[in-house]
Amino acid sequence: MCNASNSGPSTFSIKPGDSYFYPLKFIPSHSLEYSGKLAISNLTDGTSDSFCLVGMGLEPLPDGKVEFGEIKCYQRYKAKIHLPR
């Protein structure tokens, strides 16, 4: 694995005839396009496969919700509200 925005195990073992689910996580730190490469090598016979990885980081979803409580508005007025960070 050669990209800081992806996470997965660096080594794993598979017996002949078995399959393996590789737990790859995409963890972008900014809202932009990321690319990387995943290389898997067979240490027994020397073969290897490479996979190009491309992902788009998005703006994070809000952590909570904004509640205004009992605000009634019959005319324009100024009010202060607390927004969670």
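For this structure, a couple of remarks:
- Only a single item in (1) outside any strand (DSSP E or B); (2) within 30 Å of SER10 (Cβ to Cβ); (3) at pLDDT below 90 is not met by GLY36, and it is number (1).
- Of all the residues in the range 1-44, those that are within 16 Å of MET56 (Cβ to Cβ) and charged (D, E, K, R) number 2.
- Yes/no for TYR22 being modelled with pLDDT of 75 or more and among the hydroxyl-bearing types (Ser, Thr, Tyr): yes
- Some residue of the range 56-66 being modelled with pLDDT of 90 or more and in a strand (DSSP E or B): yes
The values are calculated or read from the model by the stated rules, or taken from the named source; none is laboratory data. Computed from a predicted structure; not experimentally measured. FYI the Cβ positions are ideal-geometry reconstructions off the backbone, even for glycines, and counts take in every protein chain you see.
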